[in-house]
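**Student:** Encoded as structure tokens, here's the structure I'll be asking about.
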Amino acid sequence: MRRRIELYAPNALQAPDRRLCTQTHSVLPLLPMPYIFRKWLYHSVRKIYHKLIPSEERMNSLDRARRFIGNKATKLAIAIVPLAALTTIAPPAARAGSLVFSPSATCAVSDGSPNSGGSCVVSQANTVGGDPNGNWLQLYTPAPINAFSPQTQQPDPIVELGVSGGGASGTVSSGEMIPISYDFFINRTEEFFSAIDEINATESANWNVSFDIYGSGGSCNSGSSLCVTEFYKSGSALIGSEVTGTGFVTIGAGGGTVSSFNINLEVNSESDFSVTIPSGETLDLNPVAAPEPASVLLAGAGGAFLLFLRKRRRA
């Protein structure tokens, strides 16, 4: 008889319900009534139990945890997602170090090559950079710098620009990594566009970019100079394309005191070209990494969706 009655008390019931079923099963077989009445009595007692005892008291710890997550997860996500999005676009923290790269450093364009001249500018983008020990400098060109060779006897067109011996001060630690980034355009010159250039539409240009820091106090060699791993990168790109990249200048053993820095860019080609470094795409020393647009968009879309769900639940 007990086995037959247990068919109406499945194991999926909550723990207090199972205790009630067990107690009821112990009594029901002793009552002198047909099986159908015992079945009816069992379900009647269970309904009364559910009405008298609140659902919270009939839930075990696992059920309470599931209910809490179901009720609160949306609210927690609505609070966390916008905060996560803000952290990706928030400005850098307050200045915590003493390293200073001088924003008044002179930026020059080389005059020793056949080009039409031009200028470059150094400015401070922020007092705190990707390495919070120092500030963030940017180098850009107010206008395109043209390189051309009117006569075939002259050497290939070349553009050389940058900062050499820019002022710096402060201390750095062993293993400290100072981020760098570069973003510039190699275009064709409109003013000196020739028939040969038009035929050679796939003409390329060679480029190299370098960042370096100098100082004293290092212990990686017999001298007293600052031990630094210079950043240097070279490559080739089609004229009419954009060149971008990132990297680090790494401080070697012993750390030390910083006294100066270099930022240099050189581009050369057999064809006429121009170099442009807009203020929005620059050569950067110690930049703050920009958040990926896709990440910011995803965080915003997730927050909007959660707000929509919350309003729908209230409605």
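The values are calculated or read from the model by the stated rules, or taken from the named source; none is laboratory data. Quantities reported herein were computed from a predicted structural model and do not represent experimental measurements. Positions of Cβ are generated from backbone atoms using ideal geometry, with glycine treated the same way; all protein chains shown enter the neighbour counts.
**Student:** If we scan segment 188-203, do we find a residue that is within 32 Å of the chain's Cα centre (by Cα), under 22 Å from residue 266 (Cα atoms) and either modelled with pLDDT under 90 or in the same structural domain as residue 235 (by TED's automatic domain parsing) (or both)?
**Tutor:** no
**Student:** If residue 151 satisfies all but one of (1) under 22 Å from residue 243 (Cα atoms); (2) modelled with pLDDT under 65, what's the number of the condition it fails?
**Tutor:** Condition not satisfied by residue 151: (1).
**Student:** Which residue pairs have Cβ atoms closer than 9 Å, lie 6 or more positions apart in sequence or on different chains, and pair a first residue in segment 234-247 that is closer than 16 Å to residue 147 by Cβ and in the same structural domain as residue 272 (by TED's automatic domain parsing) with a second residue that is surrounded by 15 or more Cβ atoms within 10 Å (Cβ to Cβ) and of a type in the set (Lys, Arg)?
**Tutor:** Sorted first by the residue in segment 234-247, then by its partner, the pairs are 239/188; 240/188.
**Student:** Taking segment 215-250 only, how many residues are of a type outside the set (Asp, Glu) and part of a loop (DSSP other than H, G, I, E, B)?
**Tutor:** 12
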